[in-house]
Each structure stands twice: as structure tokens, then as C-alpha cells.
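The structure appears right after this line, and notes come after that.
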Amino acid sequence: MAFASLSLGTRLEAGRSNPALVAGLALLGLVILAALVGPWLINPEDARVGAFAPSRPPSAAHIFGTDTQGRDVLAVLVLANPETLKVGFIAGTVGLGIGTLLGLASGYFGGITDAVIRTTADVLTTIPGVAMLVLVATFIKTMTVGLMALVVASLAWIYPTRAIRAQTLSLRERAYIQVARLNGVGGLELVLREILPNLLPYTAASFVSAVSHAIIATIGLEALGLGPQNAFTLGMMIYWSQFYGAIVRGLWWWWGPPILLILVIFVALLLTSAGLDRIVNTRIRSAA
Amino acid sequence: MSADLLHVRDLRVSYASPAGEVRAVEGVSFTLRAGERLGLAGESGSGKSTTALALMRLIRPPGRINGGQVLLNGMDLLALSDGAMRGLRCAAISLVPQGAMNSLNPVLRIGHQLADTIAAHDDSRGAATENRISDLLEAVGLERRVARMYPHELSGGMKQRVCIAIAISLRPRVIIADEPTSALDVVVQRQVIETLGTVQRNLGASIILVGHDMGLMAQFVDRVGVLYAGRLVELGPVRDIMLDPLHPYTQLLIASVPTLESRGVFKGIPGLPPSLVNPPPGCPFHPRCPKVVDRCAADMPTLREVRPGRWVACHLH
Amino acid sequence: MTPGYVVRRFGVLVLVVFLATTVNFIIPRLTPGDPIEQKLSQLVATSGGQIGDVTAMVESYRKRFGLDQPWHVQYVNYWIALARLDLGFSLENFPERVSDAIAAALPWTVGLLGLSTLIAFGIGSLLGGLLAWPRTPPGARAAIPLLMLLSAVPYFLLGIILVFLLAIKVKLFPAGGGYPFGAILRFDLATGVGIVHHAALPALSIILAGIGTWALGMRGMMISVLGEDYITLAEAKGLSERRIFLWYGLRNALLPQVTTLALTLGHVVSGAILVEVIFSYPGVGLKLYHAILAKDYFLIQGIVLLLIVSIAVTMFIMDLIYPLIDPRIAYRRR
């Protein structure tokens, strides 16, 4: 059932019938590539305060101009990209990890476990994420990228938990699970060997949405001023540009590129999630 | 034929599917007389429901009506404009749908759903409509207060009767009942089918009853047509067909209905219905026919009147 | 709707408020460092260290704010104060009370957010319904990728772009503020027009960014509703297209959309807050931004608490409304 076990031909065929997924992953790949390779290609000194004349519009020397502190915007952008992605993926992974564990436990074991986990998740959905995160982030003395990831991750498990739980509940009643149970396969082994592999598409979909929400949350917090003040992230770029009045002063090259990059990331995530939805729905239809 | 109401000539309907074009109805022709009850019987996939929907031009993409004529009092329904057809629906020819469970709008009250039918066709509103609705409900054996209720508050049988009320609300000439009792238990089935019969008689309308239950056909209709793989294979008075079926498929169909008199093994029909994308050449039934001869695999039999009022499409006759 | 249902939803509301308030109480006390001390130290630093014995000041303030009591006493005092709607004092603008600061900003946020969300929901749902309707001209389908793009954009980013294009580059709208600079707020037409003019761009950001999500969601719902049997019977009844679209299609697809609205309320509010920051719109969001800048912890806590409680209450109200729209729900609970 895992994607890896399919032949190359089948995978190509699947790719052709799911352009959204392919496009999304390709775009994401580009962004990640830029994040990994970019920092090596630029001179980090370019991103220091006072490196160049401030507030210069784009030119041959500076493709994205310079900001009010004299930093080369392209350099800052290249350095900020991986940081934001880091927060997104760490929070997404942690959220997914916890979410899968809790979702599996809740869905498979039912009873009190289910009641507790489900009610907690339900109550937490009522609370606006921003409010909780602002509260927590305010009281952290010095924010770092890592701490940011943790703060965002603290709420990132909620949606994956519900999605995985719903899937586990329905999988639990499938015929092959019942058969495995009758064959005496016990709880943990059953979960690991039979249920988990079939959760793969849903896990992937939850991961993408968790990363999406994490990035939105972190950009939001950073734009409010709760982000890591000494690090370069896309959200901080927007915060500083707002702080120094770049919008009213017409310094569009400072906030334009990060916004564009954020858009690209979100479109990539959206396409990927739409593509994964297609796979999930085909599964539903073929299993019905 | 002065009493002929509906002429269906060479109706063809197909669906586009990933596997190819599914030929659901392949040249079905029959006539419906005024006041008559005609049954269209067949197993799943025989094209009976598709035929019923096509008569009202309710076939939606990926389905298409490919050809044929549906003449109601001489007027070809398939050639009308969308607006003209819409005006005729429910007013001249109406539908009692399969699965009344889901055929009523969950968020509107019953009275509302009857009223908007009436309002769509003759602009009457107000107190006159309210009385009409009460009368309609009474005609199908429901209380007046049902008008104020929502569909989910009604039982299956009651919902089906509301659908009948809707179908007769504008006094149509033809009522098409598409398996109106399939989802109901036997006792309720009887009530619903009796209601249907009563209103039809009172209206003087004709009914086309679509279904797979030969026993029900025997009790309700005057004439019955048997469909297989999108074609009519036999057509005639129901008594004659039940006592002396001519087409091998009809014979097997009737033999499969269990009787109360004798005990025995359930008799089914061996084999599977044919693919409607790539039908076998010749008679569509020949792979499963116990009386097959060589000619059956090559030539398509046509529906011919072999005796007065008895039509069969089989090389044996 | 039964009393049981109402009680149950109210129970969840109470639980949420209780949890939120308690967390609001605990978190600041968990973090190392004393906000008062930090604040005063900061004041000392900015005023050149001439203030004097900071320790004594800290002590007196702590007494003033009741922070020298044991935790459980503080907790009780906290709830007592809340009952009186007393959220404490603003650290930055002492002696302004937090509740007063919020009360001044609240109407702006409610007005902007409420109206924009309703408009986005309304237009988006109608658009989505039309996109799913088979008899819509195929050219309209081209709108779908655009809507997908819009749904991927966070509200405030769209705000930045709009401000730049329509307020800076082309001075069609004011770049910020809730009302014309220096104007006195009165109940007259001139003030009204000024307010609308200033609210236009922030509202547009929220509306444009929201339309995509609602339209796509509605389109999905509508597609599945259009496959239902009652649509077939509606057609068989010879009803007009408009009637089928509105009363049989849209009306049924609207129900899950309303649920989604209720569930994503938190998300919507979060987005709107940031829009206020971009536009310097004098609402709760801008207050929060300034409070964070100034490290006014009490104000921050007050606003966060307000957000949580108001969203919880709104969801509760929506829970009550839902059975009124969907007759099936009340029945099930009986």
C-alpha cells in the first residue's frame, strides 16, 4: 500500500492524473532547495546592519534593494526563508507526531482515553490559536526560532489528532482489521502493522495542513512583534518593514519579496494538499 | 388508436463513463393507452429507470438522450424547448421517484413542497392552495397536519405517499412510478401501491410502473414490458405473460418468483447481465439463454407482434 | 431544541471560559521574572537611572496589584475582579483601566470584522453556489484558480498589498486610521462617510481574502447537494431553475457552511487583528500590537482573555442558532 512499493510506471501514471500534487510538490521542492542552498550562495555580511546605503530601490547591485537599516534585502530573504520553513516543518512534525499518537490512541482504544482526548481537542478548537499563542509568546523573555517552533507546535497537534482519530475509527471497522484481530494479533502490533500503513495518505494530508497552519501562525505572531527579534524570518521581515514605516514610505522592495515568497509557499502547500485530497478521496471511493 | 396517449419510438440513452459509452437504453418502443397501467420490469441495469427518467427528459450529464421520440398526444417531448418541457413536468407527466427517503427537501415543510409545485405551474396561492394541499394529502390517506411537518418527521411510507400527492397535484395524464415501493416493508408496500392505484383511477390517468418485482406487476398492472440490457424483449397483457411467457428471459424471471404453494430450491438466472459498453453481438441474452440456437449469436432479434397484443424479441418465435 | 442541548452547549462554554481564564492567570506567573520589576527597570533605564530605590517601588506596586499574596488568594481575587469586569490597570498608560482601553477599541473591531466577515461569507457562498451550478457559463470556471489563490493568502498580507496600491501609489483611500485625522466623532453623515472611507481598505482585505475560502467550500458542498435525490424530484416537479438553485440547492449547502464559519471563527478573528495593525485601525488588534511593543502585560492578558471569551460566546450563540436553520438537528436531540 505504501507509495514506495509501487513501480515507477504506476507512480508516473499517478503523477499524470494528479497534476495538483505534482505541481505543489515541485514548487515546495524549489523553495526547500532555495532554503538549503541559498545561504551558501550569498554573503552573510550583506545582511548586516549598515552593510550598504539604506533604502535603495532595486538595482543591478541589489536585486531587491536595501532596507532602512542598510541590509541587502535579497540576502535577508535568502537567510529568512530556511528559518520560517524550519518553524513550519518542526511545528508540523511535532504536531503530526503527537497528533498521530493521540489520534490512534483515541480512535483505537476508545472509552475514557477517547473521551479525554476528544474533549480536550474540542475545547482547544474553540480557543482562537492566536490568542493562546500571543499569551504564551508574550511571556517568553527571549524568543528564538526554536522556541517559536515549540510555541506554535503546542497547538499544532489538534487538527491532526481529530483527522487521524476519525480515520482510525473507520479503519478499525474494516474487514481486514477484524480478521487480524481474530487471528490473535494484539493491540500494539495491530496498530503498527495494519492500521498505521493505511493511514499514510491521511497522515500526509494532515502534515501538509499542520505545516500550513504553523507557518501562518508563526508569521502572524512575528508580524505582531512576538517573534525572535534577532533572527531573520519572513514574518520578522514584514514586522520590521511595518515598524520602520516601509509601507507608507513606499519601500515596496522590502516587504514585497517576502510576501511573494510566502504566497509561493502557501500556494505550494495548497496544491499539495489538494493533490493529497484527491488521493484520499479516491481511496474512499474505491473502498466504499 | 384513439385511446393512445403516449408513443415511445426507438428511445436511445447512453452514459459517458471512464470505461466507455454505456448504452443504457437501446431502441425501446412502446405505447401507453389512456387510463392504462403499464409495467416496465427488469433486473438492475436493464435500463428501466433510465427509460422512465428519459420520458421526462430528466437525464443529466454524463447521460444523454441519443435518439428517438416520446409522443405525448402527438407532441414530441424530446423536441420541446427546455422551458416548454419544464411547464409540462408534473402538469402533464409526473414522477413518483424511487427512494422517497431522500427525495423530499429536508429543510422545507411538506406543505411548502406541495405549494411550490402548484405555484410553479399555475400561479395560484393563498387560501385556495391551502385547501388544495389538504385535499391532496387526504387523497393519499394522510392527515392535514402533515403539511406543517418536515420530511424527517415522517415514516418511509408516509414520505412515499407525499411523493404521490406531489405527482398528482396538477392532475397529470401520465404518472411514472419508479420503483415506488422498493425501500419499504411488505405491509407498507401494499398500502402505498393501493394508494397509487386509487388516485390513478380517480384521476383517469395512465401509470407506468417501473420495477423488478414480477409479483407486484402481476397484481397491479394491465400490461407489462420486460427489459433486458436496454431492450424490450417482451410486451403484453400481464395475465397472459405470467401464465404463458414467450421469451426465455421472461420465463426464468417468472420462475424465480417463489410461490407459497410449493417448496423447492430458489431458482435464479445463471450468469451475469452483459456489459453495456461492449455488448455481445446478436441477442443480448444469448450467453445465458437455456434455449439458445446458433442464430442467436449472430442476428439481433426484433420486437414483433407474434400474436394479437403479444410482442416478443426472440428467434424462437 | 431541548433544554438538554442548550445546557450541554452552555457547559462547554463555561468550561472554555474557565480554562482560558485559569490559563491566563497561570502562564504569566509561570514565567521567570516579574513584569512589574521588568517594567520599572525599563523605565529606570530609559530615564537615566534617576528614579531611586526601585525595590521599594516594586514592593509598593506589588502590594497595589495584590501580587504579594499567595497564589490561591490571588486566584480568588482574580475571579472577583473579573466578575466586576475589572481586568486590572494598563501598565503603560496607568491609571487607565484595561477594561476602558478595550471598550474604546472594541466597537471598531466588531464593526469592521463583523461586517466584512458577513459580506465575505455572503458573496463567497453565492459565488461558490453559482460555480457549482451546471448551467453557469463555463467561462465563469476560470474564476476558480483565482479564488484558490485568494484563499491561500493571509488577510494581512493582502492588506499590505492593498495599502500600497490603493493608498500610497494611487491615493484613492486613506492609508490608515479609523477616521479622518483630527476629526471629532459625531453622529452625522460627514463622520459616517469618513469612517466608511477609512474602513474600506481593511474591509476589502478581509473580504477578498475570505471570499476564496467560502466560495471554494460552498462549491464543494453544492456539488454534493446537487447529486441528491431531492434535486431530481425538484426538477421533476417543473420548478424554475432559480427556485431549485436557491431553495433546494443553496439552502441545503448553507448548513455545513455555517458550521464551518463557527469553527473557523478563531482563525477569522486572528486574521482581522493583523489587518488592523497594517492599517493602524483603532481596534482591539492595534491595541494588542501596541501593548506588545510596550510590554504592557496586563493589557495583553486582558485582550487575549476578551478574544477567547468572545469567540466562545459567539460559538455558543451559533450553536443555538443552528437548530433553527436545520430542522433535522432539533429533532435528533429530542
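The values are calculated or read from the model by the stated rules, or taken from the named source; none is laboratory data. Only a predicted model underlies this, so the values are computations on that prediction, with no experimental measurement involved. Because the Cβ atoms are built from the backbone with ideal geometry, glycine has one as well, and the counts that use them run over all protein chains shown. These area figures cover heavy atoms from the full protein model, side chains too; ligands, DNA and RNA do not enter into them. Shrake-Rupley method; radii C 1.70, N 1.55, O 1.52, S 1.80 Å.
If we scan the stretch C:311-318, do we find a residue that is open to solvent by less than 20 Å² (accessible area, probe 1.4 Å) and within 11 Å of chain A (Cβ to nearest Cβ)?
Yes, that holds for at least one residue.
List pairs: first in the stretch B:65-93 and without any contact (Cβ under 8 Å) to a residue 60 or more places away in the chain, second open to solvent by 40 Å² or more (accessible area, probe 1.4 Å) and among the small types (Gly, Ala, Ser), Cβ under 8 Å, 6+ apart or cross-chain?
Correct list of pairs: B:86/C:240.
Quick check on my filter: what residues within the stretch A:118-147 are open to solvent by 20 Å² or more (accessible area, probe 1.4 Å), over 29 Å from residue C:294 (Cα atoms) and either among the acidic types (Asp, Glu) or over 19 Å from the mean Cα position of the chain (by Cα) (or both)?
Scanning the stretch A:118-147 gives A:118, A:119, A:120, A:122.
As an exercise: evaluate residue C:265 against (1) within 11 Å of chain A (Cβ to nearest Cβ); (2) touching a strand residue (DSSP E or B) at 6+ places or on another chain (Cβ under 8 Å); (3) of a type outside the set (Ser, Thr, Tyr) and give the number of the one condition it does not meet.
Condition (2) is where residue C:265 drops out.
Exactly one of these conditions fails for residue C:326: (1) more than 14 Å from chain A (Cβ to nearest Cβ); (2) among the acidic types (Asp, Glu); (3) out of contact with any Leu (no Cβ under 8 Å at 6 or more places or on another chain). Give me its number.
Against the list (1) more than 14 Å from chain A (Cβ to nearest Cβ); (2) among the acidic types (Asp, Glu); (3) out of contact with any Leu (no Cβ under 8 Å at 6 or more places or on another chain), residue C:326 comes up short only on (3).
Looking at the stretch B:99-117, I want the residues that are at positive phi and within 7 Å of chain C (Cβ to nearest Cβ) and have a partner that is open to solvent by 10 Å² or more (accessible area, probe 1.4 Å) and assigned to a helix (DSSP H, G or I) with Cβ atoms under 6 Å, at least 6 apart or on another chain. Which pairs are those?
Between residues of the stretch B:99-117 that are at positive phi and within 7 Å of chain C (Cβ to nearest Cβ) and residues that are open to solvent by 10 Å² or more (accessible area, probe 1.4 Å) and assigned to a helix (DSSP H, G or I), the close pairs are B:99/C:229.
Hey, can you tell me all the residues within the stretch A:88-113 that are over 19 Å from the mean Cα position of the chain (by Cα), surrounded by fewer than 17 Cβ atoms within 10 Å (Cβ to Cβ) and in a helix (DSSP H, G or I)?
A:109, A:111, A:112, A:113
Only one of these conditions is not met by residue C:241: (1) within 14 Å of chain A (Cβ to nearest Cβ); (2) surrounded by fewer than 22 Cβ atoms within 10 Å (Cβ to Cβ). Which number is it?
Only one criterion in (1) within 14 Å of chain A (Cβ to nearest Cβ); (2) surrounded by fewer than 22 Cβ atoms within 10 Å (Cβ to Cβ) is unmet by residue C:241, namely (1).
Table: residues versus (1) within 28 Å of residue C:43 (Cα to Cα); (2) hydroxyl-bearing (Ser, Thr, Tyr); (3) at the interface with chain A (Cβ under 10 Å from one of its Cβ atoms).
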position	(1), (2), (3)
C:254	no, no, no
C:279	no, no, yes
C:282	yes, no, no
C:295	yes, no, yes
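Go through the stretch C:129-146 and give me each residue that's buried (at least 21 other Cβ atoms within 10 Å of the Cβ) and either within 11 Å of chain A (Cβ to nearest Cβ) or within 18 Å of residue C:264 (Cα to Cα) (or both).
None - no residue of the stretch C:129-146 is buried (at least 21 other Cβ atoms within 10 Å of the Cβ) and either within 11 Å of chain A (Cβ to nearest Cβ) or within 18 Å of residue C:264 (Cα to Cα) (or both), so the list stays empty.
Which one is most open to solvent (accessible area, probe 1.4 Å), of the residues in the stretch A:233-251 that are facing chain C (nearest Cβ under 10 Å) and not in a helix (DSSP H, G or I)?
Only one residue tops the list, namely A:249.
Can you name the number of the only condition in (1) hydrophobic (A, V, I, L, M, F, W, C); (2) open to solvent by 10 Å² or more (accessible area, probe 1.4 Å); (3) within 14 Å of another protein chain (Cβ to nearest Cβ) that residue A:221 fails?
(2)
When only residues in the stretch C:77-127 that are more than 23 Å from the chain's Cα centre (by Cα) and not hydrophobic (A, V, I, L, M, F, W, C) count, which is surrounded by the most Cβ atoms within 10 Å (Cβ to Cβ)?
Selected residue: C:78.
Which ones in the stretch C:221-238 are assigned to a helix (DSSP H, G or I), in contact with a Gly (Cβ under 8 Å, 6 or more places away or on another chain) and within 13 Å of another protein chain (Cβ to nearest Cβ)?
Correct list: C:225, C:226, C:229, C:231.
Applying the selection to the stretch B:152-162, what residues are farther than 15 Å from residue B:132 by Cβ and either open to solvent by 10 Å² or more (accessible area, probe 1.4 Å) or in contact (Cβ under 8 Å) with a residue 60 or more places away in the chain (or both)?
B:152, B:153, B:154, B:155, B:156, B:158, B:159, B:160, B:161 - these are the residues of the stretch B:152-162 that are farther than 15 Å from residue B:132 by Cβ and either open to solvent by 10 Å² or more (accessible area, probe 1.4 Å) or in contact (Cβ under 8 Å) with a residue 60 or more places away in the chain (or both).
Out of the residues in the stretch A:13-43 that are at pLDDT below 80 and open to solvent by 60 Å² or more (accessible area, probe 1.4 Å), state the one that is farthest from residue A:209 (Cα to Cα).
A:13
Sort out for me the helices (runs of 4 or more DSSP H) sitting completely within the stretch B:43-139 that have 1 or more residues that are touching a Lys or Arg at 6+ places or on another chain (Cβ under 8 Å) and open to solvent by 10 Å² or more (accessible area, probe 1.4 Å).
Per the criteria, B:110-122, B:127-139.
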